[in-house]
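Some notes on the structure that comes next.
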Amino acid sequence: MGKIIEFKNTNFGYNNVKTFNDFNMEIEEGVIASMIGTSGSGKTTLLKMLCHKLPNDTCYYMGKNFQESDVDKLKREVVIVFDSPIISESVRGEIVRYLKQIGIKGEEINDKYMKLREYFGLDRIENISTSELTWSDKYLVKILRYLIIEPKFLAIDSILTNLSKENKEKVFGFIKEKKITFLNVTNDIDEVLYGSKLYVLDAFVLILEGSTLSVLKTDTLLKRLGFKLPLPVDLSIELNHYDILKKIYTDKDKLVNALWK
């Protein structure tokens, strides 16, 4: 697989203060990745570059500079989800709203909605006013209004945490089924276990990147940044030090079974 998103020698600053300084980062096509970092480390700034809210002349999609890419194509294939308000009163109306904005019409809208309806069981909420949805279902709708496009690259900025475990697992399941390259920007360390790649930002510097488990093993640095490792991973690492276990477990039940053997 090739690179789908790249930042090349990115320099950027706010109010004449440089933040990113010759920043480089790449995301491979087909990967499910996570990005963590302390507040103000630059995570949201990077996403804003990808959705044209900030200068992005050093951002590349499929090897082509954003500034040279077709805008309509980018709107369909590179989608960034922030926590923006729900406008429509109906669930269906809100979920298909962005489809209409990018020019998709008629039967294609209906086909895409019906696929989501079946996969996520939307029949249980589609007749409820959006103002009366549960907290988790409101955030599910906020995500589905962009996931319905089935973009090639999707990034979500710090809102997956608001989903119930069931809804979260369905979102990741759909992303995997549709082979969408995905970046989850989060400070919920447990969520990184859904992905295979992990990036760590600190003060606008990419200080760590690699497979999720290899980065989590750098536990001392992560703890210094204020991140508490998922319990099975943290305990596995400690027991590895004492040669009680030989591998890192991400699942609590599997860890317990290994300890009983």
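The values are calculated or read from the model by the stated rules, or taken from the named source; none is laboratory data. Every value quoted in this text rests on a predicted model; they were computed, and no experiment measured them. Glycine gets a Cβ as well: all are built from the backbone with ideal geometry, and neighbour counts include every protein chain shown. The protein model used for the area step is the full one, side chains on, heavy atoms only, and it has no ligands, DNA or RNA in it. Shrake-Rupley method; radii C 1.70, N 1.55, O 1.52, S 1.80 Å.
What Rg and what Dmax come out for region 5-77 when only alpha-carbon atoms are used, in angstroms?
12.5, 37
Share of the chain's accessible area from carbon and sulfur, percent, 1.4 Å? Display every interim value, and only then the final one.
On the way: 6360 of 13320 Å².
It is 48 percent, rounded to a whole number.
What accessible area per residue comes out for the chain, rounded to a whole number of Å², with a 1.4 Å probe?
On the way: 13320 Å² over 261 residues.
Solvent-accessible surface per residue comes out at 51 Å².
Which number do you get for Rg(Cα) / (2.2 N^0.38 Å) in region 139-261?
Here the answer is 1.17, to two decimals.
Compute the distance in nm between two label points, each set 7 Å from the Cα along the Cα-to-Cβ direction, one at Thr161 and one at Lys247.
The answer from the label model is 3.1 nm.
Take Glu108 and Asn9, extend 7 Å from each Cα along the Cα→Cβ direction, and tell me the distance between the two endpoints in nm.
So the label points at Glu108 and Asn9 sit 3.8 nm apart.
Mind grabbing the accessible area of Cys51 for me, 1.4 Å probe, Å², rounded to tens?
30 Å²
Return the tail of the calculated pair distribution for region 153-211, meaning the percent of Cα-Cα pairs more than 15 Å apart. Write down the numbers at each step before the final one.
On the way: 893 of 1711 pairs.
Tail of P(r) above 15 Å: 52 percent of Cα pairs.
I need the calculated FRET efficiency for the pair Asn16 and Asn257, taking r as the beta carbon distance and R₀ as 51 Å, to the nearest 0.05. Intermediate results must be reported in sequence, preceding the final value.
Working: r = 57 Å, r/R0 = 1.11.
Computed FRET efficiency for Asn16 and Asn257: 0.35.
Between Asp83 and Lys176, what is the FRET efficiency for a Förster distance of 30 Å, r being their Cβ-Cβ separation, to the nearest 0.05? List each step's numbers first, then the result.
Values: r = 24 Å, r/R0 = 0.78.
Here the calculated transfer efficiency is 0.80.
Antiparallel DSSP bridges in region 61-184: what percent, to the nearest 5?
10 percent
Taking the mean number of other Cβ atoms within 10 Å as a proxy for protection, how do you rank 71-77, 155-161 from highest to lowest?
Going by the mean number of other Cβ atoms within 10 Å, highest first, we get 155-161, 71-77.
If you find the alpha carbon centre of region 85-107 and of region 1-30, how far apart are they in angstrom?
About 32 Å separates the Cα centre of region 85-107 from the one of region 1-30.
To two decimal places, what compactness ratio does region 53-102 give when its Cα radius of gyration is scaled by 2.2 N^0.38 Å? Please report the intermediate quantities before stating the final value.
Values: Rg = 13.9 Å, N = 50, 2.2 N^0.38 = 9.7 Å.
Normalised Rg, Cα atoms only: 1.42.
Compactness ratio of the chain: Cα Rg over 2.2 N^0.38 Å, N = residue count?
On the way: Rg = 19.6 Å, N = 261, 2.2 N^0.38 = 18.2 Å.
Working it through for the chain, the quotient is 1.08.
Give the ranking of Tyr14, Tyr242, Tyr113, Tyr194 by solvent-accessible surface, highest area first, calculated with a 1.4 Å probe. Walk me through the numbers on the way to the answer.
On the way: Tyr14 90, Tyr242 165, Tyr113 0, Tyr194 65 Å².
Largest accessible area first, the residues go Tyr242, Tyr14, Tyr194, Tyr113.
So if I take the centroid of the Cα atoms in region 185-261 and the same for region 33-70, what is the distance between those two points in Å?
26 Å
Taking R0 as 22 Å, what's the FRET efficiency between Ser90 and Trp135 from their Cβ-Cβ distance, rounded to 0.05?
Details: r = 18 Å, r/R0 = 0.84.
Rounded to the nearest 0.05, the efficiency is 0.75.
Of all the C-alpha pairs in region 1-148, what % are more than 18 Å from each other? Intermediate values should be presented prior to the final figure.
Numbers: 7022 of 10878 pairs.
Of the Cα pairs, 65 percent sit more than 18 Å apart.
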